[in-house]
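Report on the following structure.
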Amino acid sequence: MVRLYESPGRPGAGHLGPGFPVGRAEVSDLLERRRHERDLAFGLRPFQILTRRLRPE
């Protein structure tokens, strides 16, 4: 699980680069319930908290 927080109050974007091969990257809510699958790139709204579950290959 990776939790990202946009603290400066500005929209942003990024890409996760883990040190292992990723089979699936899922977006989860704060209670860690799976919402949908995405790639490793992400965008953040001001003050957004984003939770990603990375599953190895």
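A few comments on the model shown:
- Residue ID - most open to solvent (accessible area, probe 1.4 Å), chosen from residues in the stretch 35-57 that are part of a loop (DSSP other than H, G, I, E, B) and of a type in the set (Asp, Glu): Glu57
- Glu32 being part of a loop (DSSP other than H, G, I, E, B) and of a type outside the set (Ser, Thr, Tyr): yes
- Residue in the stretch 4-26 that is in contact (Cβ under 8 Å) with a residue 24 or more places away in the chain, open to solvent by 100 Å² or more (accessible area, probe 1.4 Å) and under 9 Å from the mean Cα position of the chain (by Cα) present: yes
The values are calculated or read from the model by the stated rules, or taken from the named source; none is laboratory data. This structure is a prediction, so every number in the text was calculated from the model and none was measured. With ideal geometry, Cβ positions are generated from the backbone for all residues, glycine too; neighbour counts draw on all protein chains shown. Areas reflect the complete protein model, heavy atoms only, side chains present, ligands, DNA and RNA absent. Shrake-Rupley method; radii C 1.70, N 1.55, O 1.52, S 1.80 Å.
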